[in-house]
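Okay, structure first, notes after.
The values are calculated or read from the model by the stated rules, or taken from the named source; none is laboratory data. It should be emphasised that the depicted structure is a prediction, and the values quoted were computed from it without experimental measurement. Glycine gets a Cβ as well: all are built from the backbone with ideal geometry, and neighbour counts include every protein chain shown. Remember, those area values only see protein heavy atoms, side chains included, never the ligands or the DNA or RNA. Shrake-Rupley method; radii C 1.70, N 1.55, O 1.52, S 1.80 Å.
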Amino acid sequence: MRTNPTPRRSRLASVLGVALAAAAFLPATASAVAAAEEPPDQTLRGRGLAVCPVDAYCLYEFENFNRDNPRGGAVWAYYGTVYEMDRSADDRASSVFNNTRKAVHLYEDSDFRGRCADLQAYSSEPRLKELALDRRISSVATREQMHCR
């Protein structure tokens, strides 16, 4: 004689089945969302805040957003949420403009360690010397949980 599973076991099996289905679905979804949220970075040349694209945060090679250099300078524009600076930008920025609606967190060291400064939405710092981060930024993040402590 075959007996039906108890209601408790049936419920547990249902919950387990839903959890396994969700786990199988999430990695593909998460990577698709991450790819959509993080367009390629841009390395630009120019002077002033207008060089920084909308919805990007930009690091400038020289103080005052490269305005004091007649030939301008490098501008590294970032759109995503978390970045380790590549060799072209690592420890080279002297000013920063946050042209996004999120706070940006600037870190002295890679792996989001060391001295840190928060830059609020749509704000700027023309002299990173004021934050003791002149030519010292190695990683940046926009995730709230990564704000400076």
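Could you identify the single residue in 47, 71, 87 that is among the charged types (D, E, K, R) and surrounded by 16 or more Cβ atoms within 10 Å (Cβ to Cβ)?
Just a single option satisfies the conditions, and that option is 47.
Residue by residue through the range 70-91, note down the ones that are under 14 Å from residue 53 (Cα atoms) and at pLDDT below 90.
Correct list: 79, 80.
Give the residue that is most open to solvent (accessible area, probe 1.4 Å), with candidates limited to residues of the range 119-141 that are among the hydroxyl-bearing types (Ser, Thr, Tyr) and without any contact (Cβ under 8 Å) to a residue 40 or more places away in the chain.
122
Looking at (1) in contact with a helix residue (DSSP H, G or I) (Cβ under 8 Å, 6 or more places away or on another chain); (2) crowded, with 22+ Cβ neighbours inside 10 Å; (3) not charged (D, E, K, R), find the lone condition where residue 81 falls short.
So residue 81 meets the others, but not (2).
Quick one: in the range 38-53, of everything that is in a loop (DSSP other than H, G, I, E, B) and modelled with pLDDT of 95 or more, which residue is farthest from residue 67 (Cα to Cα)?
Going through the qualifying residues, I end up with 53.
For the range 52-93, what are the residues that are farther than 21 Å from residue 129 by Cβ and among the hydrophobic types (A, V, I, L, M, F, W, C)?
Once the filter is applied, which keeps residues that are farther than 21 Å from residue 129 by Cβ and among the hydrophobic types (A, V, I, L, M, F, W, C), the range 52-93 yields 54, 56, 77, 82.
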